[in-house]
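The values are calculated or read from the model by the stated rules, or taken from the named source; none is laboratory data. Being a predicted model, the structure only gives us computed values, none of them experimental. When we count neighbours, we look across all protein chains shown, and the Cβ atoms used for this are built from the backbone with ideal geometry, even at glycine. Each accessible area value is taken on the protein alone, full model and side chains, heavy atoms only, with ligands, DNA and RNA left out. Shrake-Rupley method; radii C 1.70, N 1.55, O 1.52, S 1.80 Å.
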Amino acid sequence: MKTKIFTKINLLLALVAIITFVSCNDDAWLERQPKNRINDEQLWDDPGLILSLLSNYYDRVPGDVFNTQADCQIDDAMWSGHNDANWLNDFQFGDDYGRYWDYGFIRDINLAIENLEQYSTLSELEINQYNAELRFIRALVYFNMVKRMGGVPIVTQQLIYDGSGDVSSLQVPRATEEEVYDFIYNEIQDIKDNFLETEDSKTRGNKYIALALQSRAMLYAGSLAKYNNSMSSPITLPGGEVGISASRANEYYQKSLDASKEIIESGKYSLDDDFYDVFMDKSSPEVIFAKDYSRDAEKLNYFTYDNVVRSLRTDIEGSSMVSPSLGLVESFDYLNGNEGTLADKDASGNYKVYSSIDGIFANKDKRLYATVVYPGSQFRSQNVDIQAGIAVWNGSDYDLSTGGLGSTQDDGDKLTGLDGPQNDAQFVSNTGFYLRKFVSEDPDAGIRPTLGENWWTWFRLGEIYLNAAEAAFELGDANAVSYINKVRQVHGGFSANSLSSLSNDIIRKERRVELAFEDQRYFDMKRWRIADQVWDGDQANPNAMVEGLYPYRISSNDGNNGKYIFVRTAPIRFRQARFFRMGNYYSSIDQGVLNNNPKLVKNPFH
């Protein structure tokens, strides 16, 4: 033991002697830049390193990207995944639902903007390009905060503590809600013509991506200015942190319409006549801005793994988490202009008999077929096997029988399909529908470790047309209907002039079907101030519930043997009506944030 201690002491003394010698004879040796660290001058003069930083920031842009659980929290779907997460079917919007307050990210961006200006010796064009991208990302972050929180502190430079003990200079109060929207708009005007390097990019900011943000953000602001003030008791705070003056509604709508028209009239983008390919084909002419995924870059998504049709899964650990609702399916109208309600019964209340299992869905809006897998569909060029059971005529009605997945009758005929549906089961549809949108037909997308490399679309031309239609409608512009008709014609298969006029109900239905599962509906319902009316927590309100539609093959000698009936079914796993309270229009601010900054005020109802 003594020998070991002596050896360690000698080594320590030798090391001290070496350091002392070096410090006395060559101070520069200890001041050399470590080879594994990059200083600011090196970073901001190297476009490759700047792009790496930007890539990290683009990846941090917030949103429910390929979020299977979030897709099951409104009225478009229910959760059919593992039972441990069945709270999603008993879901209540909490005060903190949707909360986003990320000033760590804002600090990082502000620091990058300042360092770019201070240290970079790149050309003016290059500096302007990177500055524009950083400010675009910052504007996008502020939009994601304001649409959830209302007015938030606008911080555009580093907040540095001076060590005096007084932290008041670091405590920034909330800006008004309209000031944040004005900040976003002004930033876009300042930067939109500086994107010279990324003119054709779909994954880095450019002029038209910035305009797409303007199109969406200003539409939100206009809606809040109009519809919040149309409430019997508008939601406001005395300092304007929540609430926008009604007098500014048309101004914001016009700014949205101007941006939408500039994108549409640029000719850079066009609606894709294959709606499914918009989300799968990275050469789609419709996509404006996307978050990319790639196996080469080892950046993949689990969405197909989580949601592929049960019988087509290539990994046995689970699938089929999202079960689209009958309410969503019925939002897709018929091509002849009739409402999309499915005819499961005739005028007398008797089951309507169909000769084919997909007959009830015939002549529907084409977007249904690209969004939902329904009975009689194909996926990956294979027939899906959706059949709940058999129906036997008893002389006055049909008796229904079901079995396990893939079960058969005594005579060998199918009883229940491999893809269900089944009530109160996991990893199989509980509604009779599966999700197709964003679910890849690539078999490798459903296997670990390969997974999916299809991208997430942040902005696309279909939305821009709908934004234009809504803003124009609110402004009384006669061209409003033509924007929606264009989308319905190309994506839906409707005739060129299928609509002769518009209403709020038409606009809102079009957004529901066109933008389903794109992280839009929740925020649309909030800005229109109708979320509390639609998701009212009433079990008797079909709009707050999720319902299914189960197909049964007729197995009897009543003249309809081998045909099908469809039964509306209340899934057992869906236990609680969606309940959106007035306090959910603005998310609560975390108590820790409030404690650290007494200048902040709470949101209404919290």
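Can you give the percent of C-alpha pairs in the chain whose distance is more than 40 Å?
Details: 66027 of 183315 pairs.
Tail fraction, whole percent: 36.
In the structure shown, do any of Lys282/Lys486; Lys261/Lys602; Lys147/Lys366; Lys147/Lys207 have a Cα-Cα gap over 27 Å, and if so which?
Values: Lys282/Lys486 22 Å; Lys261/Lys602 38 Å; Lys147/Lys366 31 Å; Lys147/Lys207 22 Å.
In this structure, Lys261/Lys602; Lys147/Lys366 exceed 27 Å between Cα atoms.
Ignoring ligands, DNA and RNA, what percent of the 1.4 Å accessible area of the range 203-279 is carbon and sulfur? All intermediate terms of the calculation are to be shown ahead of the outcome.
On the way: 1110 of 2620 Å².
Taking all protein chains in place, the range 203-279 shows 42 percent carbon and sulfur surface.
Could you list, bin by bin from short to long, the percent of Cα-Cα pairs of the range 546-606 in 5 Å steps?
4, 13, 12, 10, 8, 8, 7, 7, 6, 5, 6, 5, 4, 3, 2, 0
So what is the diffusion coefficient of the range 360-438 in µm² per second by Stokes-Einstein at 25 °C and 0.890 mPa s, using a Kirkwood Rh over Cα pairs?
Estimated via Stokes-Einstein, D reaches 178 µm²/s.
Give me the angle, in degrees from 0 to 90, between the Cα long axis of helix 461-475 and the longest principal axis of the Cα atoms of the chain, rounded to the nearest 10.
80
Return a whole-number percent for the relative contact order of the chain, with Cα pairs under 8 Å and 6 or more residues apart as the contact set. List each step's numbers first, then the result.
Working: 1130 pairs, mean separation 114.6, N = 606.
Relative contact order of the chain: 19 percent.
Rounded to the nearest Å, what's the spacing between the alpha carbon centres of the range 325-361 and the range 565-606? Just the number, please.
33
Any idea how far the Cα center of the range 431-445 sits from the one of the range 96-133, in Å?
For the range 431-445 versus the range 96-133, the Cα centre distance is 37 Å.
Once the piece of chain linking Ala347 and Tyr100 is laid out straight, how much longer is it, given 0.36 nm per residue of separation minus the C-alpha distance between them?
Values: separation 247, 0.36 × 247 = 88.92 nm, distance 4.94 nm.
Net length gain for the segment: 84.0 nm.
Describe numerically, in nm with one decimal, the distance between label points set 7 Å from Cα along Cα→Cβ at Gln520 and at Ile506.
Inter-label distance under the simple model: 1.8 nm.
Which length gain, in nm to one decimal place, applies between Arg575 and Asn83 when the Cα-Cα distance is subtracted from 0.36 nm times their residue separation?
Details: separation 492, 0.36 × 492 = 177.12 nm, distance 1.30 nm.
Stretched out fully, the Arg575 to Asn83 stretch lengthens by 175.8 nm.
Ignoring everything but the protein chains, give the 1.4 Å probe accessible area of Met545 in square angstrom, nearest 10.
Looks like 40 Å² after rounding.
Order Lys602, Lys291, Lys563, Lys437, most accessible first, counting only protein heavy atoms with a 1.4 angstrom probe.
On the way: Lys602 105, Lys291 30, Lys563 70, Lys437 0 Å².
Heavy-atom accessible area, descending, gives Lys602, Lys563, Lys291, Lys437.
So how far apart, in nm, are the two label points at Ala478 and Asp411 if each is 7 Å from Cα heading toward Cβ?
In this crude label model, Ala478 to Asp411 measures out at 6.4 nm.
On a 0 to 90° scale, report how tilted helix 124-149 is relative to the longest principal axis of the chain, with both axes built from alpha carbons and the result rounded to the nearest 10.
Rounded to the nearest ten degrees, it is 50.
Need the list of aspartates and glutamates near Lys352 for cross-linking: C-alpha distance under 18 angstrom, and skip anything on the same chain fewer than eight residues off.
Excluding near neighbours in sequence, the set is Glu330, Glu339, Asp344, Asp397, Asp399, Asp558.
Measuring from label point to label point, each 7 Å out along Cα→Cβ, what is the Glu124 to Glu199 span in nm?
1.9
Identify the residues of the range 178-206 with backbone N under 20 Å of a label point that sits 7 angstrom from the Cα of Gln157 along the Cα-to-Cβ direction, or state none.
180, 183-184, 186-188, 190-191
Hey, which of these cross-link pairs are over 25 Å Cα-Cα: Lys255/Lys599; Lys268/Lys291; Lys226/Lys291?
Values: Lys255/Lys599 32 Å; Lys268/Lys291 19 Å; Lys226/Lys291 32 Å.
Pairs exceeding 25 Å: Lys255/Lys599; Lys226/Lys291.
Considering the zone a paramagnetic label at Asp64 would reach in this model (a point 7 Å from Cα along the Cα-to-Cβ line), which residues of the range 588-606 have amide N under 19 Å from it?
588-589
Compute the long axis of helix 47-59 from its Cα atoms, compare it with the longest principal axis of the Cα atoms of the chain, and write down the angle in degrees, 0 to 90, nearest 10.
On a 0 to 90 degree scale, this one is about 40.
Using only protein heavy atoms and a 1.4 Å probe, report how much of Ser247 is accessible, in Å² to the nearest 10.
Probe radius 1.4 Å; accessible area of Ser247 about 100 Å².
Express the Stokes-Einstein translational diffusion coefficient of the range 270-356 in µm² s⁻¹, to the nearest whole number, given a Kirkwood radius over alpha-carbon pairs, 10 °C and a viscosity of 1.306 mPa s. Walk me through the numbers before you get to the answer.
Numbers: Rh = 17.2 Å.
It diffuses with D of about 93 µm²/s by this estimate.
Given that compact globular proteins tend to follow 2.2 N^0.38 Å, what is the ratio of the alpha-carbon Rg of the range 179-236 to that value? Let's see the in-between values first.
On the way: Rg = 14.9 Å, N = 58, 2.2 N^0.38 = 10.3 Å.
For the range 179-236, the normalised Cα radius of gyration is 1.45.
Give me the extension gain from Met582 to Thr450: residue separation times 0.36 nm, minus the current Cα-Cα distance, reported in nm with one decimal.
Working: separation 132, 0.36 × 132 = 47.52 nm, distance 4.32 nm.
This chain segment gains 43.2 nm when fully extended.
Can you give the log10 of the normalised intensity I(q)/I(0) at q = 0.13, 0.16, 0.18 Å⁻¹, computed with Debye over equal Cα scatterers of the range 112-204?
Each listed q maps to, in turn, -0.56, -0.79, -0.93.
With all protein chains present, how much of the accessible area of the range 312-403 (probe radius 1.4 Å) comes from carbon and sulfur, to the nearest whole percent?
On the way: 1620 of 3880 Å².
Carbon and sulfur together cover 42 percent of it.
Under a Cβ-Cβ cut-off of 13 Å, what is the net charge of the residues other than Gly239 that fall near it, where Lys and Arg count +1 and Asp and Glu count -1?
Working: positive: Arg174, Lys599, Lys602; negative: Glu177, Glu178, Glu179, Glu241.
Net of charged neighbours comes to -1.
Hey, quick one: spin label on Asp397, modelled 7 Å out along Cα-Cβ, who in the range 545-584 has an amide N within reach, i.e. under 13 Å?
Within reach of a label on Asp397, which here means backbone N under 13 Å from a point 7 Å along Cα→Cβ, the range 545-584 contributes 568.
Dipole of the chain, Cα-centred, from +1 at each Lys and Arg C-beta and -1 at each Asp and Glu C-beta, to the nearest 20 debye?
Working: 60 positive and 87 negative charges, 193 e Å.
Around 920 debye, computed over the chain.
How big is the C-alpha Rg of the range 170-316 next to the rule-of-thumb value 2.2 N^0.38 Å, as a ratio? Could the numbers behind the result be given before it?
On the way: Rg = 20.0 Å, N = 147, 2.2 N^0.38 = 14.7 Å.
The reported ratio for this selection is 1.36.
Do the sum for the chain: with -39,500 (n - 2.57) for every DSSP H run of n ≥ 4, divided by all residues, what is the mean residue ellipticity at 222 nm, to the nearest 500 deg cm²/dmol?
Numbers: 18 runs with 206 residues, N = 606.
Rounded to the nearest 500, it is -10500 deg cm²/dmol.
Once you mark the GluC sites (Glu not before Pro) that are in a DSSP loop and have at most 11 other Cβ atoms within 10 Å, what is the longest gap between them in the chain?
Longest site-free region, per DSSP loop and neighbour criteria: 340-606.
Just check the range 458-606 against the gyration tensor rule for me: Cα atoms, a ≥ b ≥ c as the square roots of the eigenvalues, rounded for a/c under 1.5, and otherwise prolate or oblate depending on whether a/b exceeds b/c.
Numbers: a/c = 2.89, a/b = 1.28, b/c = 2.25.
Cα axes put the range 458-606 in the oblate bin.
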